[in-house]
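Heads up: the structure comes next, in structure tokens.
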Amino acid sequence: MEGSSLKISELLFNRIRVLQSVTPLQIELIEKLASSITEAYQNGNKVLVFGNGGSAAEAQHFTTELIGRFKKDRKSLPAISLNSDTTAITAIANDYGYDQVFARQVEGLSETGDVLIGISTSGSSPSVINALETGLHNNAVCFLLTGTRKNLKTTEGITKIGVGGEITALIQEMHLTLIHIVCELVEDKLGLSEFPGYENLPKITNESDARELDFTKSGDITWVNGCFDLIHEGHLKLLNMASKKSPFLIVGINSDSSVRKIKGSDRPLVDQNSRANALLLLGFVDMVIIYDSDNPLKLLELIKPKFVVKGEEYAEITYPELDYLKRSSVEITYVGNVKGLSTSSIIEKARF
């Protein structure tokens, strides 16, 4: 059993590493795809997506998120998965060859300004490439979602977004993540997102500036607070649990002066700005507020979170904000600590 658990952990961390390997250039291309889709919808155009095998399933997933909804009930957005029409696919394959199954559909369905998205883990599927090249002739905006295989040649005019490395399964998983990110960006850009207030909030702020912000348009908020000096496994466990409670996670951290009052003159080891930036790099932390107060009560009264997540050591004690949380019907979750692990214990060991 222990061996299986280690294997699962290894596989999970492999996927985390793939996610963390996304470069600024790849992020720029993902933004380009979302912007192109948004512009197409604003101009009355549509999106066509296609692929083979697992990529076909992802093409259908993509268009379903657009036609149905991603986060919020809103108007349907025009999107067609070209690998869903089995009658057309089998007829075209029989009459013209499989390499033309998507190209023939693109020829008849695409118009100037439409967005075409071909999905191919290898990046060289003839049926996908032929369709994209046909789309270029129809003045469509063309994208290829693929892996990061070296020396992959693509036709000029087709924007290649390569993510996930060269292992098919990991590429497909990255494509699904990319699809969800793009759908969320499109809803945001079109003003259809569930929580449009997110974009108006800074990533890092201090307590006094936070009082000038409007949190009422940000939907359900989850709150976590602490010093977060030397982020360790216990912190990650707590934050991971918190991130699952709602779409927006705010982490409050004690300022350097506040940490010194609580922990002593030799703390913190890491300054407040570095701690804030480190938390944002985790990806699932949406905002960090640095506060000088001994406790976050006034911030909680301002933000009015729906969820608060704390370490299990708080379950048996009365802390300053507890009465407010109970009166406000805030859902409090206590997360078990990692046995024997704390920032103080790590520092103590380092000193010897």
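Tabulated data
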read-out: FRET efficiency estimate (nearest 0.05) - Cβ-Cβ, residue 32 to residue 292, R0 30 angstrom; value: 0.15
read-out: Choice from 285, 49, 330 showing the highest fluctuation, given a GNM over the chain with Cα pairs closer than 10 Å; value: 330
read-out: Angle in degrees between helix 54-67 and the longest Cα principal axis of the chain, rounded to the nearest 10; value: 70
read-out: Gain in span if fully extended, residue 274 to residue 57, counting 0.36 nm per residue against the direct Cα distance; value: 74.0 nm
read-out: Spin-label zone in the stretch 105-125 - amide nitrogen under 20 Å from a point set 7 Å from the Cα of residue 151 along the C-beta vector; value: 121-125
read-out: Cut-off 11 Å between beta-carbons: net charge of the residues surrounding residue 275, Lys and Arg +1, Asp and Glu -1; value: -3
read-out: Nearest-20 debye value, the chain charge dipole, Cβ charges on Lys, Arg, Asp, Glu; value: 560
read-out: Packing rank of 83-96, 157-170, 57-70, where each peptide gets the mean count of other beta carbons within 10 Å, highest leading; value: 57-70, 157-170, 83-96
read-out: Part-to-part distance (alpha-carbon centres) for the stretch 41-57 and the stretch 134-178, which is given in Å; value: 13
read-out: Gaussian network model of the chain, springs between alpha carbon atoms under 10 Å - residue of 135, 53, 113 with greatest fluctuation; value: 53
read-out: Proximal charge balance of residue 265 [Cβ under 14 Å; K/R count +1, D/E count -1]; value: +1
read-out: Förster-model FRET efficiency, 51 Å R0, residue 328 and residue 43, C-beta, rounded to 0.05; value: 0.65
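Only the coordinates and a few stated rules stand behind these numbers; no lab work does. This is a predicted model, so every value here is computed, not measured. Every residue, glycine among them, receives a Cβ derived from its backbone with ideal geometry; neighbour counts consider all protein chains shown.
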